[in-house]
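Q: I have a structure here, written as structure tokens, and I will follow up with some questions on it.
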Ligand code: TIU
């Protein structure tokens, strides 16, 4: 086990059984004209974490450890999009409507793509999910179990929506979860802060958090080996 300095206390990372999970670093959430912008959000905030997520991906690639990328998106016929999701609120464009990056939150459209700087490499897992959480209707738990993975390091957007939902779902399925604080972002700074605080509270009720530098420092020796 490798000790990673974390909050609220040391995270014991298993070098044989750890995957990186990068949640929804898609054009639809991070670039103007996508689903995030249609909901009225300032999407520019999210772009700030791209260099840190890229460093995290580089680290896992150098180590040769597994990487999972998720994308939130629906089938073109929207058969996997519940009306309660599509009809929520009063946005100028809804899921499935055509925007500047194609149909919002629909598989295969330009907005569905992961940012080119963070694009998946061959051999990395890419999971399309119709919900906020990464386990609903994806089969991902079975895939991770089959590979013997028990520890998940999380990054991506948005902290309190898809990242937190996925992390809570993973915690309930028995994974030890570590969220990288500067590799996740929200449209709402207060929600990011609250999410980190609630993960850390009560002795790490759903996991641990730490800055990228702490993880990097802890894995420096492993990297030398890899
Ligand atoms: N709206 C918002 O904050 N997030 C989402 O809808 N999806 C994800 O977090 N990926």
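What follows draws every value from the coordinates through simple rules; no lab data is involved. Just so it is clear, the structure is predicted and the values come from calculations on it, not from any experiment. Heads up, the Cβs are rebuilt from the backbone with ideal geometry, glycines too, and the neighbour counts pull from every protein chain shown.
Q: Can you confirm whether the range 95-118 contains a residue that is touching a helix residue (DSSP H, G or I) at 6+ places or on another chain (Cβ under 7 Å), within 24 Å of residue 212 (Cα to Cα), exposed (fewer than 15 other Cβ atoms within 10 Å of the Cβ) and touching a residue at least 60 places away in the same chain (Cβ under 8 Å)?
A: yes
Q: Kindly provide the set of residues from the range 140-192 that are at positive phi and more than 12 Å from the ligand (Cβ to nearest atom), ordered by number.
A: If the condition is that a residue be at positive phi and more than 12 Å from the ligand (Cβ to nearest atom), then 148, 174 are the ones that fit.
Q: Find the residue count for the range 38-49, including only residues that are in contact with a strand residue (DSSP E or B) (Cβ under 8 Å, 6 or more places away or on another chain) and either farther than 16 Å from residue 185 by Cα or surrounded by 16 or more Cβ atoms within 10 Å (Cβ to Cβ) (or both).
A: 4
Q: Could I ask something else about it? Among the residues of the range 66-85, which ones are within 16 Å of the ligand (Cβ to nearest atom) and part of a strand (DSSP E or B)?
A: Matches in the range 66-85: 68, 69, 70, 71, 72, 74.
Q: Checking residue 52 against (1) surrounded by fewer than 14 Cβ atoms within 10 Å (Cβ to Cβ); (2) in contact (Cβ under 8 Å) with a residue 24 or more places away in the chain; (3) farther than 27 Å from residue 172 by Cα; (4) under 14 Å from the mean Cα position of the chain (by Cα), which test does it fail?
A: Going through the list (1) surrounded by fewer than 14 Cβ atoms within 10 Å (Cβ to Cβ); (2) in contact (Cβ under 8 Å) with a residue 24 or more places away in the chain; (3) farther than 27 Å from residue 172 by Cα; (4) under 14 Å from the mean Cα position of the chain (by Cα), residue 52 breaks only (1).
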